[in-house]
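Quick notes on the structure that follows.
Just so it is clear, none of the values below were taken in a lab; they were calculated from the coordinates. It should be emphasised that the depicted structure is a prediction, and the values quoted were computed from it without experimental measurement. With ideal geometry, Cβ positions are generated from the backbone for all residues, glycine too; neighbour counts draw on all protein chains shown.
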Amino acid sequence: MSDKLTPKQTLLMWCLLGFHGEALQSSIVPRIEAKDRKALATRGLISEGKHSRSIVLRAEDKGWRWASEHLSDELPTNFQVLQQWLGRVRDFLAETDRPLAEFIGPPTEPLPEPPPKKPRSSGRRKVGPRKPKPLSSAELRARIEVAYLTVTGGRRAESVPLSRLRAELSDLNRKIVDEGLLRILQGDDKARLGQVSDPKALTQDERDAAFSPGGEPYHLIWIES
């Protein structure tokens, strides 16, 4: 059997490895379809298990070997930033002669416990639109970083106006984005917020987009490499 995967399956492998090779299926974005999960399991790249009532996925040794040999494989077209960064990882591993598994490292946190199951109602209930699942703090931090890299064209260590960052996160309400910015302000190894000291240098959009948790406005975000 060829070890060639579809771009979607390739993306799912990298999403799982981004969780250090072990994650609840529900934690992985984009959503995993059963046919792709089964295809990866059939090839021996991943295994499926149970964690409470949830499906947990693990990258097997064959999956780690596949990843180290396929850092340049095609991803879906809207994930080109990730493809470029995987190329940088490939070059770094080649220069330092380090294995991919060592670079990624083991899981740093236990799997999260799923929320308790709600009791089923015996009566009929009105069916309405499903509310989107709230983002975890890690997922929100990842969304902020993806938006930052989209604005910079994949470059780090550049100042990005919060007005442009918010525009890339327009599907999230302002309160949610502010929660992610507050966590960065409270302490983040790679990201920080900055201010523009000269108010005359600010446009109205930048004033409106400022993050002011204590009345002191922040206008910029910076994420290091």
request  = Could you count how many Lys pairs in the chain have their Cα atoms under 16 Å apart, skipping same-chain pairs fewer than 8 positions apart?
outcome  = 12
key: segment 1-43 and segment 176-225: distance between their alpha carbon centers, rounded to Å   = 35
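When the helix-only estimate is applied to the chain (DSSP H runs of n ≥ 4, each -39,500 (n - 2.57), divided by the residue count), what is the mean residue ellipticity at 222 nm, nearest 500 deg cm²/dmol?
On the way: 9 runs with 94 residues, N = 225.
Calculated from helices alone, the mean residue ellipticity at 222 nm is -12500 deg cm²/dmol.
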Between 0 and 90°, nearest 10: helix 7-18 axis offset from the chain longest Cα axis = 70
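Determine, from the Cβ-Cβ distance of Arg174 and Ala142 and an R0 of 25 Å, the FRET efficiency 1/(1 + (r/R0)^6), rounded to the nearest 0.05. Working shown, then result.
Working: r = 19 Å, r/R0 = 0.75.
Calculated value: 0.85.
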query = What nm distance separates the two modelled labels at Ala201 and Glu102, each placed 7 Å from Cα along Cα→Cβ?
reply = 4.3
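Mind checking the dipole of segment 7-104: about its Cα centre, +1 per Lys or Arg Cβ, -1 per Asp or Glu Cβ, Debye to the nearest 20?
500
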Under Karplus coefficients 6.51, -1.76 and 1.60, residue-wise ³J(HN,Hα) of segment 34-41 in Hz, glycine/proline x = 4, 5, 6, 4, 5, 5, 5, 5
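Please work out whether the chain counts as rounded, prolate or oblate from its C-alpha gyration tensor, where a ≥ b ≥ c are the square roots of the eigenvalues and a/c under 1.5 means rounded, while otherwise a/b larger than b/c means prolate and anything else oblate? The partial results should precede the final answer.
Working: a/c = 2.20, a/b = 1.27, b/c = 1.73.
Since a/c reaches 1.5 but b/c is at least a/b, the shape of the chain is classed as oblate.
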ask   = Roughly speaking, what is the stretch gain from Gln186 to Ala94, that is 0.36 nm per residue apart minus the C-alpha to C-alpha distance, in nm to one decimal?
value = 29.5 nm
note = Under the 7 Å Cα-to-Cβ spin-label approximation, Glu224 and Ser26 lie apart by a distance in nanometres of 3.6
key: FRET efficiency, Thr152 to Ser68 (Cβ-Cβ, R0 25 Å, nearest 0.05)   = 0.35
query = Using unit Cβ charges (K, R positive; D, E negative) and no other charged atoms, how large, in debye to the nearest 20, is the dipole of the chain about its Cα centre?
reply = 1620
